[in-house]
Amino acid sequence: MPGWYPVNPISAIFPGKSPLELQLTWLERIVRLSEDFNGIRAGLEQVYGQTRILEKPDDYTVDQDYHNHLANQTTSFDWQFTAELFFLEKIEREFP
């Protein structure tokens, strides 16, 4: 049922902005997600990499046990961010 909210939650976060300004604000934030993600990922890899090997050697043979475990089927740390990488690719396609 439209209009049952006592206030518009988006305009409550950004008071005084028109609907167009709100859309542009959110689009800018969406486009910046890739930059934000890259910074967060770099920090995580720096910390996590102190106790783990994140990149497998070039001659590494992935497991042949017929199980589809992301960590065992890739030679990089990308498996940890599969959903985020797909999401960011979609954003780049939709907002070039």
Acute angle (nearest 10 degrees) that the helix 82-94 long axis makes with the longest principal axis of the chain, alpha-carbon atoms: 50 degrees
Mind checking the stretch 11-72 for chymotrypsin sites (Phe, Trp or Tyr not before Pro) that DSSP puts in a loop (not H, G, I, E or B) and that have at most 13 other Cβ atoms within 10 Å? TYR60, TYR66
List the GluC sites (Glu not before Pro) in the stretch 52-96 that DSSP assigns to loop (not H, G, I, E or B) and whose Cβ has at most 15 other Cβ atoms within 10 Å. Which are they? GLU55
Can you give me the angle between helix 19-48 and the longest principal axis of the chain, using Cα atoms only, in degrees from 0 to 90, rounded to the nearest 10? 20 degrees
Only Cα pairs under 8 Å and at least 6 apart count here; give the relative contact order of the chain as a rounded whole percent. 23 percent
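All of the numbers you see were taken from the coordinates with simple rules; none came from a lab. Computed from a prediction, not measured in an experiment: that's the story for all the values here. When we count neighbours, we look across all protein chains shown, and the Cβ atoms used for this are built from the backbone with ideal geometry, even at glycine.
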